[in-house]
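Right, I'll just put the structure down here and ask away after.
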């Protein structure tokens, strides 16, 4: 999975899976969070339009990252989620994890 950031939008691309989410991606997300915090932004939008597939491990890592951002005072918002990504979240029991996080198409 690749991560591209512009302003306060992180564009995720590829597979949100155990093998697709590498330490490099998590490191890049951490760097982006630090940049957002350092300029005083309080929101980040995570664009999921280019996510091809997701598994339990990938969704778990995304959730943990979003909770870490919240602890640092940054609210996360998932945008452009495909129907299949939403279905994957529901099938794996993650729909309750993301309910308090804004998720819209």
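Among the residues that make up the stretch 21-38, is at least one of them surrounded by 15 or more Cβ atoms within 10 Å (Cβ to Cβ), modelled with pLDDT of 80 or more and part of a strand (DSSP E or B)?
No - not one qualifying residue is present in the stretch 21-38.
Something else now. Answer yes or no as to whether residue 52 is under 14 Å from residue 11 (Cα atoms), surrounded by fewer than 15 Cβ atoms within 10 Å (Cβ to Cβ) and either in contact with a helix residue (DSSP H, G or I) (Cβ under 8 Å, 6 or more places away or on another chain) or at pLDDT 85 or above (or both).
So residue 52 passes the test.
Taking the condition part of a loop (DSSP other than H, G, I, E, B) and either in contact with a helix residue (DSSP H, G or I) (Cβ under 7 Å, 6 or more places away or on another chain) or buried (at least 17 other Cβ atoms within 10 Å of the Cβ) (or both), does residue 81 pass?
Yes, satisfied.
Does residue 7 meet the test of being loosely packed, with under 13 Cβ neighbours inside 10 Å and either at pLDDT 80 or above or more than 22 Å from residue 96 (Cα to Cα) (or both)?
Yes; evaluated as a whole, the condition is true for this residue.
The values are calculated or read from the model by the stated rules, or taken from the named source; none is laboratory data. Everything numeric here is computed off the predicted structure, so don't read it as measured data. Counting neighbours? That spans all protein chains shown, and the Cβs are built from the backbone with ideal geometry, glycine included.
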